[in-house]
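Participant: Dropping a structure here in structure tokens format, bear with me for questions.
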Amino acid sequence: MRRPEHRPEVGAPARWRFGEPDRLWLDNGLQVLVCHRPGQHVASVCLSVDIPLNAEPEQFEGVATIAQRCLDEGTAAHPGPSFAEALEDIGASLDGSVGYSASQLFLDVPMPRLGEALALLAEAVRTPELEAVEIERHCELRLAEIDHTLASSTRSAQLAFRKACLPKRFRASRMAAGSPESVAAITAAAVRRFHAQQYRPDATTLIITGDLGSGVLAAVEDAFADWSVPGDTSQEHQAPNRRRPHRWLIDRPGAVQADIRLGVFGIDRTDPRWADAQVAAHVVGGAFLSRLNRVLREERGFTYGVHLVNQPMRSGGLLAVQGSFRTEVVAEAVTLAAKLIDVRTNPITEAEVAEAVSYHLGSAPLRYSTAQGVTQHLAALVAAGLTAQFIDAHNLALAQVTATSATDALTELLPPDRLTLVAVGDAGALRGPLTDAGWPATEHRL
Amino acid sequence: MPADVANYPIHSQLLSNGMRVLVSPDKSVPIVAVNLWYDVGSRDERAGEHGWAHLFEHLMFSGSAHVASGEHLQLLQSLGGSVNATTWFDRTNYFDTVPVGALDLALWLEADRLGTLADHLSTEAVDTQRDVVKEEKRQRYDNVPYGDVMPALVALVFGADHPYGHTTIGSMADLDAATPASAADFFRTHYRPDNAVLTLVGDINVRDGFRRAERAFGHLPGRNRRRRPAPKTLPPLTGLPRHTLSGKVPAEVSYLAWRLPARDTASFDAADLALAVLGAGQTSRLHQRLVKERRLVASTAAQALPLIGGNSIGLLQLRALPLRAVSDGIEATLEQVAKLAAEGPTEAELARAKAQFTREWLTDLSRFDARADLISTYAMLHDDPARVNRRLDEASQITADQVQAATAELLAPEARAQLDYHVEDDNATS
């Protein structure tokens with residue numbers, strides 16, 4: 001019999017390792033990652049094409065996005081809407097995302113229809129119609145989408161912070177899907193040229209996860225083995241560096257809250273301090289009772305939630321406090337946040353490190369428990385130019401993190417006098433209090 | 001897809017205090033999803049209490065007899081667990097998805113707050129969480145374009161006095177009125193073993209699961225389960241109720257809404273499929289006709305919002321292109337609805353909508369936490385947890401005639417409510 005006040009012991013965590021994918025290449029250079037996950041009845045597929053967005057002609061920025069969005073608007077074998085019908089008929093869904101280093105298509109389909117779905121996926125990337133009328137329509141929709149992005153406080157903050165942290169010469173300082181000017185300039189010829197140059201088997205990785213049978217490789221070969229594109233890929237990925245700190249106010253008259261970003265241009269997964277930075281970010285702003293959330297949410301009630309987020313790119317990354325605070329407390333919240341992320345005077349403790357490491361290791365089985373979870377995480381690694389081995393290597397690196405190494409890493413990464421601040425809110429109401437609190441900011445238009 | 005693919009084992013027991021426990025073993029990953037449903041949602045809030053169910057969900061994390069404020073989340077998170085809670089019209093649910101070794105701790109934490117929270121509410125906790133919830137309201141509703149749509153829509157469809165006539169976030173004034181005493185009273189009324197369903201999905205044995213649940217919750221006293229009066233089903237709308245909102249939004253949007261039957265009835269499912277044929281996905285009629293061919297609007301969307309208390313909501317949404325009005329789109333939409341009511345869906349359209357439903361359903365079931373939540377859903381709202389394994393069959397049996405009839409009877413143009421969102425002029429003073 002256990003008394004109600006007696007807190008149960010916690011059993012040792014089960015041994016868990018990431019079940020690595022089978023990795024092979026077709027003769028045309030296409031890389032295939034196959035992850036067997038019994039019990040996962042919906043297969044999750046990612047087709048990732050290594051396309052650095054700096055490969056876009058500058059006057060046509062956004063062309064990668066428009067090209068991707070037109071892929072499912074008809075193919076040689078399934079013209080016009082008949083392509084989407086063929087996909088939806090077998091219960092498949094197809095989504096896309098264009099990042100600064102890869103253009104990725106995500107396909108989910110019930111296991112029994114996987115072979116058919118792969119054949120359709122191959123059609124979309126190999127023989128899309130790319131009709132002028134569809135290209136024009138998607139440009140029009142993209143222009144509408146920009147209005148919606150700029151109307152969103154959170155997305156504006158994200159955009160402004162990126163712009164404030166990265167020098168202009170780097171593509172990643174601007175919107176991945178293009179600006180109003182560049183999208184308006186995109187032509188059908190530009191889209192077709194971009195597709196012909198960039199969609200190539202030797203730049204592509206196909207990730208397939210699910211309760212897979214033995215026929216999956218044959219299905220991949222049927223769909224992709226005879227895909228060949230002349231020439232080679234030569235565009236290098238950019239390696240951005242940091243811009244000098246900026247403090248920007250983005251005006252949203254009458255907004256009841258301000259979205260805040262406070263941080264720096266940071267590091268990517270290949271940096272030797274990555275595990276330290278992940279642990280430190282969890283302690284300071286990842287856990288529910290992180291230093292930031294404990295004070296700014298649970299003690300002060302200033303926000304629904306505040307985080308310190310490590311957002312890696314292929315090279316470098318963004319490291320920032322992210323939160324939305326009611327207008328009246330913004331200056332105080334920013335000052336408190338700056339104090340809380342400065343770990344020099346209040347170093348990270350061994351107990352905090354132990355909790356953070358235990359969180360990262362303990363949550364891995366859940367993170368990778370579904371076909372979609374596996375495919376999405378692998379896709380992020382592939383886009384970053386890494387392999388699945390990163391997962392176990394990172395877990396080993398986490399176990400080596402100490403209070404000193406985590407404290408040192410964050411101290412190095414977040415120098416208090418080099419922080420960039422972005423506040424998206426009612427500029428009239430924010431300017432005075434921010435200046436008085438030692439955060440004078442200039443108004444900036446996105 | 002053969003229906004037996006998604007045939008998950010589901011075992012049920014009733015504890016002596018009335019708590020219903022479901023166990024569904026799955027050894028594929030060394031984790032367990034603990035999912036606890038309380039039969040209380042925004043529909044149980046009376047006038048003057050709007051937002052309380054959600055505010056009090058926050059208080060569930062503010063400490064109980066043997067647990068400090070925030071400690072529940074902190075403890076399980078530091079073991080790699082994922083912990084959260086949500087409030088909806090029909091329920092409040094709590095999730096703890098944890099490594100198997102932490103199952104007892106998760107159950108104990110849930111039992112401690114269920115058993116003792118009402119006696120451990122401080123003014124400070126209520127004040128802080130009230131501020132946090134107000135920030136949530138500002139962040140998710142007040143500071144977001146179109147953020148005020150849902151409250152206006154449900155009021156339009158049900159009337160403000162109906163249990164579904166307000167949304168979970170509530171009003172600032174009602175949140176201000178909450179006190180530790182009213183919170184304690186609310187908890188004693190709704191948070192009881194006999195008003196709860198506990199589902200465990202994961203790497204456990206059936207008997208072991210029941211034993212652990214009994215050990216954690218068995219000592220808590222139960223009462224007779226409160227019986228809800230049978231909900232009234234409202235007839236379709238008449239008189240075209242309309243409402244206009246305006247704000248600093250990038251484009252005009254219109255929402256057409258209908259009263260549907262209660263969730264997961266055959267006629268609800270038929271209306272759901274009708275909405276899918278009309279507006280879900282790239283092949284849907286509205287996307288093909290309005291977005292692609294005629295380029296009248298930027299996007300269309302369709303959704304059935306399932307509710308148990310007599311009626312659900314059916315929704316079509318049209319977003320205008322920049323600087324364009326949405327009105328032509330509405331006319332064209334209503335033509336499409338009338339056409340579907342007159343002719344029904346083609347066999348291909350119906351098969352497609354079902355194939356999409358199948359994938360979505362199997363995807364939901366692929367996650368331990370989502371599977372546990374669905375089992376709790378069917379246990380609490382339908383008194384039939386095993387229905388999780390029959391839903392694909394049920395949907396597959398809906399015929400084209402049923403879809404046509406549902407469109408004609410439930411989605412008639414004259415039975416809609418309409419909410420129009422206008423773009424506020426930048427120079428206008430408000």
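Participant: Since B:Ser122 meets every condition but one in (1) of a type in the set (Ser, Thr, Tyr); (2) open to solvent by 20 Å² or more (accessible area, probe 1.4 Å); (3) within 11 Å of chain A (Cβ to nearest Cβ), which condition does it not meet?
Facilitator: Unmet for B:Ser122, out of (1) of a type in the set (Ser, Thr, Tyr); (2) open to solvent by 20 Å² or more (accessible area, probe 1.4 Å); (3) within 11 Å of chain A (Cβ to nearest Cβ): (3).
Participant: Continuing with the same structure: Please enumerate the residues belonging to region B:314-349 that are under 29 Å from A:Asp89 (Cβ atoms), open to solvent by 10 Å² or more (accessible area, probe 1.4 Å) and not in a helix (DSSP H, G or I).
Facilitator: Of all residues in region B:314-349, those under 29 Å from A:Asp89 (Cβ atoms) come to B:314-319, B:329, B:332-349.
With the extra rule that they be open to solvent by 10 Å² or more (accessible area, probe 1.4 Å), the set shrinks to B:315, B:317, B:319, B:334-336, B:338-339, B:341-343, B:345-349.
Scanning region B:314-349 gives B:Leu315, B:Gln317, B:Arg319, B:Pro345, B:Thr346.
Participant: While we're on this one: Might you check whether a residue that is in contact with a strand residue (DSSP E or B) (Cβ under 7 Å, 6 or more places away or on another chain), more than 13 Å from B:Pro345 (Cβ to Cβ), assigned by TED's automatic domain parsing to the domain that holds B:Lys339 and open to solvent by less than 30 Å² (accessible area, probe 1.4 Å) occurs anywhere in region B:275-285?
Facilitator: Scanning region B:275-285, I find no residue that is in contact with a strand residue (DSSP E or B) (Cβ under 7 Å, 6 or more places away or on another chain), more than 13 Å from B:Pro345 (Cβ to Cβ), assigned by TED's automatic domain parsing to the domain that holds B:Lys339 and open to solvent by less than 30 Å² (accessible area, probe 1.4 Å), so the answer is no.
Participant: Here's something else I'd like to know. Tell me which residues, restricted to region A:138-187, are surrounded by 18 or more Cβ atoms within 10 Å (Cβ to Cβ), among the basic types (Lys, Arg) and within 14 Å of chain B (Cβ to nearest Cβ).
Facilitator: Within region A:138-187, just A:Arg142 meets the criteria.
Participant: So, one more: Of everything in region A:274-295, what is aliphatic (A, V, I, L, M) and either more than 10 Å from chain B (Cβ to nearest Cβ) or open to solvent by 30 Å² or more (accessible area, probe 1.4 Å) (or both)? Give them in sequence order.
Facilitator: Within region A:274-295, the subset aliphatic (A, V, I, L, M) is A:275, A:277, A:279-281, A:283-284, A:287, A:289, A:292, A:295.
Correct list: A:Ala275, A:Ala277, A:Val279, A:Ala280, A:Ala281, A:Val283, A:Val284, A:Leu292, A:Val295.
Participant: If you go through region B:19-40, how many residues are modelled with pLDDT of 95 or more, assigned to a loop (DSSP other than H, G, I, E, B) and surrounded by fewer than 24 Cβ atoms within 10 Å (Cβ to Cβ)?
Facilitator: Qualifying residue count for the region: 2.
Participant: Out of curiosity, is B:Asp131 modelled with pLDDT of 95 or more and either assigned by TED's automatic domain parsing to the domain that holds B:Asp185 or touching a Cys at 6+ places or on another chain (Cβ under 9 Å) (or both)?
Facilitator: Numbers: modelled with pLDDT of 95 or more: no; either assigned by TED's automatic domain parsing to the domain that holds B:Asp185 or touching a Cys at 6+ places or on another chain (Cβ under 9 Å) (or both): yes.
Considered against the rule, which asks whether it is modelled with pLDDT of 95 or more and either assigned by TED's automatic domain parsing to the domain that holds B:Asp185 or touching a Cys at 6+ places or on another chain (Cβ under 9 Å) (or both), B:Asp131 comes out as no.
To keep it simple, each residue is scored yes or no on (1) assigned to a helix (DSSP H, G or I); (2) within 14 Å of chain B (Cβ to nearest Cβ); (3) more than 21 Å from the chain's Cα centre (by Cα).
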{"position": "A:Ser324", "(1), (2), (3)": "no, yes, no"}
{"position": "A:Glu332", "(1), (2), (3)": "yes, yes, yes"}
{"position": "A:Arg344", "(1), (2), (3)": "no, no, yes"}
{"position": "A:Val353", "(1), (2), (3)": "yes, yes, yes"}
{"position": "A:Val357", "(1), (2), (3)": "yes, yes, yes"}
{"position": "A:Leu378", "(1), (2), (3)": "yes, no, no"}
{"position": "A:Leu386", "(1), (2), (3)": "no, no, no"}
{"position": "A:Leu396", "(1), (2), (3)": "yes, no, yes"}
{"position": "A:Asp417", "(1), (2), (3)": "yes, no, yes"}
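Participant: Report, by residue number, each residue of region B:350-386 that is surrounded by 19 or more Cβ atoms within 10 Å (Cβ to Cβ), in contact with a helix residue (DSSP H, G or I) (Cβ under 6 Å, 6 or more places away or on another chain) and away from every other protein chain (no Cβ under 14 Å).
Facilitator: B:Leu374, B:Ile375, B:Tyr378, B:Ala379, B:Pro385
Participant: Name the single residue that is nearest to B:Asp328 (Cα to Cα) among those in region B:286-295 being in contact with a strand residue (DSSP E or B) (Cβ under 9 Å, 6 or more places away or on another chain) and open to solvent by less than 20 Å² (accessible area, probe 1.4 Å).
Facilitator: Per the criteria, the residue is B:Leu290.
Participant: Find all pairs meeting these conditions: Cβ atoms under 8 angstrom apart; at least six residues apart or on different chains; first residue within region A:6-20 and basic (Lys, Arg); second residue open to solvent by less than 60 Å² (accessible area, probe 1.4 Å) and at pLDDT 85 or above.
Facilitator: A:Arg7/B:Leu105; A:Arg7/B:Trp108; A:Arg17/A:Asp392
Participant: Among the residues of region B:350-361, are any β-branched (Val, Ile, Thr), modelled with pLDDT of 95 or more, under 28 Å from the mean Cα position of the chain (by Cα) and assigned to a helix (DSSP H, G or I)? Outline the logic, then answer.
Facilitator: So the first thing to find is which residues in region B:350-361 are β-branched (Val, Ile, Thr), and the list is B:358.
Checking which are modelled with pLDDT of 95 or more leaves us with B:358.
Now narrow it down to the ones that are under 28 Å from the mean Cα position of the chain (by Cα): B:358.
Next, from what is left, pick out any that are assigned to a helix (DSSP H, G or I): B:358.
Yes.
Participant: Of the residues B:Asp148, B:Asp90, B:Asp119, B:Asp112, which single one is touching a residue at least 40 places away in the same chain (Cβ under 8 Å) and under 23 Å from B:Glu214 (Cβ atoms)? Can you show your working first?
Facilitator: Values: B:Asp148 fails: under 23 Å from B:Glu214 (Cβ atoms); B:Asp90 fails: under 23 Å from B:Glu214 (Cβ atoms); B:Asp119 fails: under 23 Å from B:Glu214 (Cβ atoms).
Matching residue, one of B:Asp148, B:Asp90, B:Asp119, B:Asp112: B:Asp112.
Here's the yes/no breakdown for (1) open to solvent by 40 Å² or more (accessible area, probe 1.4 Å); (2) in contact with a helix residue (DSSP H, G or I) (Cβ under 8 Å, 6 or more places away or on another chain); (3) under 25 Å from A:Ser405 (Cα atoms):
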position	(1), (2), (3)
A:Arg300	yes, yes, no
A:His307	yes, yes, yes
A:Arg314	yes, yes, yes
A:Val321	no, yes, yes
A:Val353	no, yes, yes
A:Gly373	no, yes, no
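Participant: Give me a count of the residues in region B:125-135 that are open to solvent by 10 Å² or more (accessible area, probe 1.4 Å) and either touching a strand residue (DSSP E or B) at 6+ places or on another chain (Cβ under 8 Å) or touching a residue at least 24 places away in the same chain (Cβ under 8 Å) (or both). Full working, then the answer.
Facilitator: The first filter runs over region B:125-135 and keeps only residues open to solvent by 10 Å² or more (accessible area, probe 1.4 Å), leaving B:125, B:127-128, B:130-131, B:134.
Narrowing the set further to residues that are either touching a strand residue (DSSP E or B) at 6+ places or on another chain (Cβ under 8 Å) or touching a residue at least 24 places away in the same chain (Cβ under 8 Å) (or both) leaves B:125, B:128, B:130, B:134.
Total meeting the criteria: 4.
Participant: Something else now. Kindly check whether there is at least one residue in region B:68-84 that is away from chain A (no Cβ under 12 Å) and at negative phi.
Facilitator: Initially, region B:68-84 is screened for residues away from chain A (no Cβ under 12 Å), giving none.
Scanning region B:68-84 turns up no residue that is away from chain A (no Cβ under 12 Å) and at negative phi.
Participant: Looking for whichever is more than 26 Å from B:Asp383 (Cβ to Cβ) and assigned to a loop (DSSP other than H, G, I, E, B) here; the options are B:Ala257, B:Ala251, B:Ala276, B:Ala230. Which one fits?
Facilitator: Values: B:Ala257 fails: assigned to a loop (DSSP other than H, G, I, E, B); B:Ala276 fails: assigned to a loop (DSSP other than H, G, I, E, B); B:Ala230 fails: more than 26 Å from B:Asp383 (Cβ to Cβ).
Going through B:Ala257, B:Ala251, B:Ala276, B:Ala230 in turn, just one is more than 26 Å from B:Asp383 (Cβ to Cβ) and assigned to a loop (DSSP other than H, G, I, E, B): B:Ala251.
Participant: Return a yes/no flag: does region B:139-154 have any residue that is within 19 Å of the chain's Cα centre (by Cα), assigned to a loop (DSSP other than H, G, I, E, B) and not basic (Lys, Arg).
Facilitator: yes
Participant: Being among the charged types (D, E, K, R) and out of contact with any Asp or Glu (no Cβ under 9 Å at 6 or more places or on another chain), is that true of even one residue in region B:224-242? Spell out the reasoning first.
Facilitator: We begin by selecting, within region B:224-242, every residue among the charged types (D, E, K, R); these are B:225-228, B:232, B:242.
Filter once more, so that each one left must be out of contact with any Asp or Glu (no Cβ under 9 Å at 6 or more places or on another chain): B:227, B:232.
The answer is yes, given that some residue of region B:224-242 is among the charged types (D, E, K, R) and out of contact with any Asp or Glu (no Cβ under 9 Å at 6 or more places or on another chain).
Participant: I've got another one for you. Look through region B:79-100, keep the residues that are small (Gly, Ala, Ser) and open to solvent by less than 20 Å² (accessible area, probe 1.4 Å), and return whichever of them is farthest from A:Val10 (Cα to Cα). I'd like the intermediate steps shown before the answer.
Facilitator: Taking region B:79-100 as the starting set, the residues that turn out to be small (Gly, Ala, Ser) are B:80-82, B:85.
Of the ones still in play, those that are also open to solvent by less than 20 Å² (accessible area, probe 1.4 Å) are B:80-81, B:85.
On the way: B:Gly80: 12, B:Gly81: 12, B:Ala85: 22 Å.
Top of the filtered list is B:Ala85.
Participant: Considering region B:257-268 alone, what residues qualify as being open to solvent by 10 Å² or more (accessible area, probe 1.4 Å) and either more than 15 Å from the chain's Cα centre (by Cα) or hydrophobic (A, V, I, L, M, F, W, C) (or both)? Please lay out each step first, then the result.
Facilitator: Taking region B:257-268 as the starting set, the residues that turn out to be open to solvent by 10 Å² or more (accessible area, probe 1.4 Å) are B:259, B:261-267.
Result: B:Arg259, B:Pro261, B:Ala262, B:Thr265, B:Ala266, B:Ser267.
Participant: If a residue counts only when it is more than 30 Å from B:Glu360 (Cα to Cα) and more than 14 Å from chain B (Cβ to nearest Cβ), which strands (runs of 3 or more DSSP E) contained entirely in region A:1-52 have at least 1 such residues? Break it down into steps so the answer makes sense when it comes.
Facilitator: On the way: elements: A:22-25, A:31-36, A:42-50.
Qualifying strands (runs of 3 or more DSSP E): A:22-25.
Participant: Continuing with this model, one more query. Restricting to region B:104-114, name every residue that is crowded, with 21+ Cβ neighbours inside 10 Å, facing another protein chain (nearest Cβ under 8 Å) and of a type outside the set (A, V, I, L, M).
Facilitator: Once the filter is applied, which keeps residues that are crowded, with 21+ Cβ neighbours inside 10 Å, facing another protein chain (nearest Cβ under 8 Å) and of a type outside the set (A, V, I, L, M), region B:104-114 yields B:Trp108, B:Asp112.
The values are calculated or read from the model by the stated rules, or taken from the named source; none is laboratory data. In this text the structure is predicted, and so the values were computed from the model without any measurement. Cβ atoms come from the backbone with ideal geometry, glycine included; neighbour counts cover every protein chain shown. Calculation scope for accessible area: heavy atoms of the full protein, side chains included, ligands and nucleic acids excluded. Shrake-Rupley method; radii C 1.70, N 1.55, O 1.52, S 1.80 Å.
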